[in-house]
Each structure stands twice: as C-alpha cells, then as structure tokens.
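Please read the structure below before turning to the comments.
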Amino acid sequence: MKAPDAPTAPDSSAARSLRVLAAVAEAGHALTLAGLAERLDLPKPTVHRLCGQLQEGGFLARDVDERSFVVGPALRRLAFDTLNHGAARGLRHDVLAQLVQQVGETCNFTTLDGTRVLYLDRVEAHWPLRLTLEVGSHVPLHATASGKLFLALMPAAERDALIGQLVLERLTPETLSDAQALRAECAQIAAQGHADDRGEFIAGLIAVAVPVLDGQGKPRAAIAVHAPTARMSLAQAREKLPFLHAAAARMRTLL
C-alpha cells in the first residue's frame, strides 16, 4: 500500500491551502477562482475545493462579487497575532515608547483591517487630557490620519472601489464626507508621504501619520502621533515628522 503524503509535502493539500491564502493576501484585492487557479497553476476544481474549505474556517470570505474571494476574519486575526508575537512585539513597543519621549504626545502603531484601521500597539503620553483607545480597537478609514494614509497608498482602482463602498459618516464638522474630496486628499497624501487628521475623527484632536513599509516597499502599517489642539497644533505635529519617519524606518525591520 502506498503511504500517504506527509503534511509537509510540496503538493500536499495543506501546502496548496497555504499557497491560496498567500496569493489572496499578497494580491491585496479580491481574486476569482479562475484568477487563483492561473496564479497558482492549479486545476480550477482543486482551487474551488480549497477555497470552500478555507471559507468554512473563516480564512477566506466572499467578496461583494460572490465569485471572488478576499481575506477572511480568521486570517486577519492570525496576521494580527503574528505581528504582536514574542520579541518583535516588545521591540516595536520600545520604538513607540522612544518616539513618545521625542514628540511628547501619544503615538500608535496601526494596520489596515478590511475597511477599518486596527490598533496594534499604543504608548500613552503622561498627560491628564488624552484619548484612550485599546489595542485591538478599530477606527474608520475616512476620518483618521492612518486610515487616509492607507487609502492613499492603495492602487488607484482599489482605492476608488473602496471609497465607493465606504459609509462616509460625518463624525465632526471637519470630517470628509464627500467621496470626491476624500479622493483629492488621498492624491495629496500620496504626494507628500504623510496624512493629517484635522479633528475629523474627534473634535479638538489632531494627528499625523506616516507609513511603515515592508521589504518590498509596500505599506504594511502606520505610525501616528495625536494630541489635543489645546497642547499641539497641526503645524507643530508636522514638525515631528522626522521623528515619525525615523521610527517607521526602525519598525520596518520588525514586521
């Protein structure tokens, strides 16, 4: 009798499933079964079976177009846990702590999670007046510095499609609730390399965010400083950009 393939065999079902997940995650947008089969050089029925199993486990999810697949909640949670695992998490926290000492205000480390921003880490400044958001909290894309930064650095077609799906809720008088205005700001952000929050998420709170790029130059996360306008103006926050960019460069090696 022929022995079953080992789980680590290059052509095992587990290996093919991981290849499917890697392809969807790397693409950064929804992929059809045909597109996945072509990318992976696998038969379409095989990809259909694997995607069905991965969807049942929450690692993949159907897109708005039900013929396509996107990253599912279980895979996003796995990515979150990986980014916050072990020594790397402590080193990233140290980078944030040093940044807070340099800029004198609260700093956070975030990533894109579907249509929202996910807080991966945060170091508070020692001030009595401050906003507290727990690690694992989500905030909107259109009304935060990190969120607008992630939008701005997406491929244009993906960004336009996502903006078209977002509910641009007006959270403060400064919130960009018009899709065209948001697209115009994204173009400016892409050109200047950082994003601002002018009290668009919470009235009286400003923020500046810069990207953390991976080894291929793709934005994987963001670092931001925020403060109440009673202590720091937006112009003063922008003066801290050299510190933010330096911290982002150090974070790059810790992804």
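Observations on the structure shown:
- Counting only aspartates and glutamates at least 8 places from Lys240 when in the same chain, those with an alpha carbon closer than 12 Å to its own are Glu105.
- Calculated SAXS-style log₁₀ I(q)/I(0) at q = 0.16, 0.21, 0.23, 0.25 Å⁻¹ - segment 197-250, Debye, Cα scatterers: -0.49, -0.74, -0.83, -0.91
- Accessible area in square angstrom per residue, the chain, 1.4 angstrom probe: 51 Å²
- Top positive-direction residue, dipole computed over the chain with Cβ charges, set Phe150, Gln165, Ala179: Phe150
- Surface share of carbon and sulfur [accessible, 1.4 angstrom probe, percent] for the chain: 57 percent
- Remark: segment 24-77 projects, on average over all directions, an area of 3.3 nm² (convex hull of Cα atoms).
- Solvent-accessible surface ranking, highest first, for Leu33, Leu244 at 1.4 angstrom: Leu33, Leu244
- Based on Cα contacts under 8 Å between residues 6+ apart, the chain shows a relative contact order of 14 percent.
- Here segment 131-255 is described by how far its Cα atoms reach on the three principal axes: 39, 36, 29 Å, from widest to narrowest.
- Solvent-free Debye calculation, one equal scatterer per alpha-carbon of the chain: log10 I(q)/I(0) at 0.09, 0.14 Å⁻¹ equals -0.45, -0.96.
- Check: the chain dipole with +1 on Lys, Arg Cβ and -1 on Asp, Glu Cβ, in debye: 380 debye
- Since only Ile189, Val208, Met251 are under comparison, the one whose Cα sits farthest along the positive direction of the charge dipole of segment 178-252, derived from C-beta charges on Lys, Arg, Asp and Glu, is Met251.
The values are calculated or read from the model by the stated rules, or taken from the named source; none is laboratory data. This structure is a prediction, so every number in the text was calculated from the model and none was measured. A quick note on method: Cβ atoms are made from the backbone with ideal geometry, for glycine too, and the neighbour counts reach across all protein chains shown. To get the accessible areas, we keep the full protein, side chains included, count just its heavy atoms, and leave off ligands, DNA and RNA. Shrake-Rupley method; radii C 1.70, N 1.55, O 1.52, S 1.80 Å.
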